[in-house]
Structure formats: structure tokens, C-alpha cells
Amino acid sequence: MSHLQYYAYPGVGETNVQLHGYSQAVRIGDRIECAGQGGWDPATGEFNTEINAQIDQAFKNVDLNLKDAGGKGWSQVYRVYSFHVPINNEALTAMTRNFKKWMPDHKPIWTRRLGGRSLRRAVRSSTRLTDAVREILILRSTYLLDAAYEYKPHVGIAAASGVTPVQIAFTKRDDLPGSTEIAATFPDVHQALAYEFAQQSTVSVKIDNSLSARLQSKFTAAQLVDVFTVVAAYNFTSRIVVGLDIAGASRVKAGNL
């Protein structure tokens, strides 16, 4: 995918490329997509511990990230996704304050959700995947990562998005079903490819040439960016939470479903 331009700002951005193999932003023509930006110091990676400071810093990081990729910052943002623990009046007030500060001349659309305890605040850009495809990506990758704190709330979201009970149960497979069995369970080719990509990239941290070719034949370049971004974001956060036991006993395979 040589036509895509990737960016990683100095400090945390460059470190994440080296350690985890992902970028902070990608440019597709005149469109910029951002990886999730939390309340970390962009130079050192140190997190603010106070929620207002975290949110303020996350907005600064989004602005830095967009400008590093050649954009103009928040003045060009039209859609915002934010993840919070908890979603309370303090967090909402901080978000509102920053919207008014950074975008005084326009009002973007905004979706807010409850996020994992390890990442109290993150902002990311829009997605062009269907809800069902996105939830299949999340369910399969978080199950394989033993991250019940993420898997459990997404079961209901997936069901509401049209993922069937049989398909949801299939995301809890401890073995690694092949493409034929996956396709039989997910007749929609995009959903089948999402399952296969989440499984393969989570287990081996790479995908084979056959899957890569099928992904590129069925998804647009912009959709592929979203596929990679969703799995990368949940892989990165879940590995930290489970590895450090931040989620405590809330493990998928410990029977906490």
C-alpha cells in the first residue's frame, strides 16, 4: 500500500513505530486519519493523572498529530470519537471546554463511549466500516487477548449491530478456524475477512499474502486503514491491560463472561 503516507511525531509517535509497529496518522489524498490520542506527554509518554489535564493534553496531541501529517489541526476536524472512564459531568465539561477552545468556528459531530480502565481518554477519527464488521474485529481480537473487560460490553453492541448469536459464539473459539469455516459462519465477505484478519494479526502479528490480497480486493483503501486501526488500537490497549493485570480477574478465559 505504497500510496499511503504514514506519520509519527517525535517522541511517543516514533517510539511506538519502533516498539509496536504502528503510526500515529495516515494520509489518503487530502484526508488524514489519526490513531487514538490519549493524555500523554508527547515527548516522554508520561500520563497526566488528573482527568481535566488528560483531556486537555489529548486535544493538544490530536492537534500536534494532524499538523505533523501536514494538516491544519482541529480547524479541519469534522468528527470526533472519545472514550472515557468514567463518563461523568467533569469529563463532559472538559470535552465541551476543549471543543469551544479548539473549534470556535465550527461544531463537529461527536460520539462518546465508555472505554477501558487503562486508557481514560482517547480521541480518534471517523470509520467507514459497518458496525457489524467493526464489532467482529473487536470481539475476535479481544477474545484472543483474554480481555474480558473489552469483550463483554461489545457482545451487546455486536448483537445490536446485527451479528447473530451463532457468530458471536464463534468469536469465542479457542482454536483458529480456517477461511472455509469462517466463510460458512459469516456469509458476508467483509465480516468473514474481518474475523480472519483480527485472528491472524492478533495471533501472529502479521498477515499472509493470500489474506492481504483478499482484503485489498474487497475493502477500499480507506476501509483498510480503519480495519488496521481498530485491531491495532484494541491489541495495543488490551495487551497492556491484561499484561499488567489492570483489569484484575476480569479475564475472558477465566470464565468471566
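The values are calculated or read from the model by the stated rules, or taken from the named source; none is laboratory data. Everything quoted here is computed from the prediction, not taken from an experiment. Neighbour counts are summed over all protein chains in view; Cβ atoms, including those assigned to glycine, are modelled from backbone coordinates with ideal geometry. Protein only, heavy atoms only, side chains kept; ligands, DNA and RNA dropped before computing areas. Shrake-Rupley method; radii C 1.70, N 1.55, O 1.52, S 1.80 Å.
Computed values, structure above
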quantity	calculated
Whole-number accessible area per residue in Å² for region 1-70, which is evaluated in the context of all protein chains at 1.4 Å	48
Rg followed by Dmax, in Å, when region 126-214 is reduced to its Cα trace	12.0, 33
Cut-off under 5 Å, modelled amide H: who pairs with Leu145 long-range	none
Amide hydrogen neighbours beyond the local backbone of Ile28, cut-off 5 Å, H modeled	Glu33
Segment Ser161-Asp131, length gained on full extension (0.36 nm per residue, minus Cα span)	10.2 nm
Residues whose placed amide H lies under 5 Å from that of Phe83, excluding near-sequence neighbours	Arg113, Ala122
Where Rh is the Kirkwood radius over Cα pairs, Rg/Rh for region 162-240	0.94
Residues Leu176 and Leu4, FRET efficiency given R0 of 30 Å [Cβ-Cβ distance, rounded to 0.05]	0.60
